[in-house]
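What follows is a set of notes on a single structure, which appears directly below.
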Protein chains: 2
Amino acid sequence: MNRSELIEKIRERRSFLCVGLDTDLAKVPAKFLRAEDPVFEFNKAVIDATRDYCVAYKPNLAFYECLGKKGWESFEKTIEYIGNSHFTIADAKRGDIGNTSSYYAKTFFEVMGCDSVTIAPYMGRDSVEPFLKFDGKWAIVLALTSNEGAFDFQFQQLGLGEERLFEKVLKKTASWGNDGNLMFVVGATRPEMLTDIRKIVPDH
Amino acid sequence: MNRSELIEKIRERRSFLCVGLDTDLAKVPAKFLRAEDPVFEFNKAVIDATRDYCVAYKPNLAFYECLGKKGWESFEKTIEYIGNSHFTIADAKRGDIGNTSSYYAKTFFEVMGCDSVTIAPYMGRDSVEPFLKFDGKWAIVLALTSNEGAFDFQFQQLGLGEERLFEKVLKKTASWGNDGNLMFVVGATRPEMLTDIRKIVPDH
């Protein structure tokens, strides 16, 4: 889904809402556990109930991978069931050296048919760029995350200036892509940072 | 495999060698492509030929995931075929917020039966710690990677001192674990850094 299609969906549905699909079998109501594919059946119920109110769905891969190949099957079926009416985010936090990142990009964009995938920036440019080469597909790079551990490295001050690591990540990464193939993760637990971050990447 | 078992294997086989299993179907000899599971058959041939000369195997997940659930099956079969005689590294470069990282740890350590998994440090402590809680299992944290992109963030100088981001990652991460559950990735393309890094983490 490209930028203008996504903006159209947002306008049409008057919503920015993204629904997480972090389907944890330990927390799913018992009635779904009797299904052959409980993860998919639960997701289906969530999707059916929310379709009209949201523009995006975000399954986190950890909850699917922990079920082995059966989990990947549930993931694939979920993405297919969502279809083209909504933007899909594979929350997978991938990132590897160049040629290997290309295979991850192929996995999520071509094999699984997702619109976007979340990316960890630690390995730098050649780990991010392979995700920027697919038409209508997006890399969503971790900048400032919502967890306590964000303070360990992301807030580290760099050199003599005022810049912190997450700001460097935003600036540098933004120069590798554009507002049609690159988004950023900024945790909603840090609303006080959003204005400053908007200044660095106004159109992403 | 715990620390003393690993050291025993190294002594016994007089080898530090780790064999990568980055099985790219575009590069595998044609005869394997006729097999029902070409990735596994190729891996099997590599493992049979190298078993006596190495102590570890390292499949990179990107090459398996890009084949969807069939790829995960090949990965599972490969780990099982290696067995307990060798140390196994799932080169997956995972990392997410705490509860989600726990599911990734469960995936690779319990479901897949790997000895270790590579971890991206950007999200900090709560993204790494869940991998340190399994007996005889290891987190291998990215410190200084071998690719060109390592210069983008890993070499960033922090604050007023001499410390660079990768050194901060080594020091901080080392304080979360011990030499029985934590290793580090240092690219062999940077041999000139190894002495300094050894000083920071002498026993890892």
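The values are calculated or read from the model by the stated rules, or taken from the named source; none is laboratory data. No experiment lies behind these values; they were computed from the predicted model shown. Here the Cβ positions follow ideal geometry from the backbone for every residue, glycine too, while neighbour counts run over all protein chains shown. Quick note on the areas: whole protein, heavy atoms, side chains included, nothing else; ligands and nucleic acids left out. Shrake-Rupley method; radii C 1.70, N 1.55, O 1.52, S 1.80 Å.
Here are some notes:
- With a Förster radius of 30 Å applied to the C-beta separation of B:SER15 and B:GLU110, the computed FRET efficiency comes to 0.60.
- Residue of A:ARG94, A:ARG51, A:ARG11 that the Gaussian network model of chain A assigns the largest fluctuation, springs spanning Cα pairs under 10 Å: A:ARG11
- Accessible surface buried at the A:B interface totals approximately 4900 Å², computed with a 1.4 Å probe on protein heavy atoms.
- For chain B, calculated [θ]222 nm from helices alone, where every DSSP H run of n ≥ 4 adds -39500 (n - 2.57): -10500 deg cm²/dmol
- Distant-in-sequence amide H partners of B:TRP138 (H built 1.01 Å from N, under 5 Å): B:SER116, B:VAL117
- In the complete set of protein chains, residue-level accessible area for A:ASP48 is approximately 90 Å², probe 1.4 angstrom.
- Overall form of chain B per C-alpha gyration tensor (a/c, 1.5; a/b vs b/c): prolate
- Between A:LEU158, A:LEU25, A:LEU144, the Gaussian network model of chain A with springs among Cα atoms under 10 angstrom shows the greatest mean-square fluctuation at A:LEU158.
- Counting only DSSP beta bridges whose two residues both lie in chain A, roughly 5 percent are antiparallel.
- For the protein assembly as shown, the square roots a ≥ b ≥ c of the C-alpha gyration tensor eigenvalues yield an a/c of 1.5 or more together with a/b not exceeding b/c, which makes the shape oblate.
- Spatially proximal lysines relative to B:LYS27 (Cα-Cα < 29 Å; intrachain offsets below 8 disregarded): A:LYS69, A:LYS70, A:LYS93, A:LYS106, A:LYS133, A:LYS137, B:LYS44, B:LYS58, B:LYS69, B:LYS70, B:LYS77, B:LYS93
- Shielding of B:125-137 by partner chains, average beta-carbon count, 10 Å: 2
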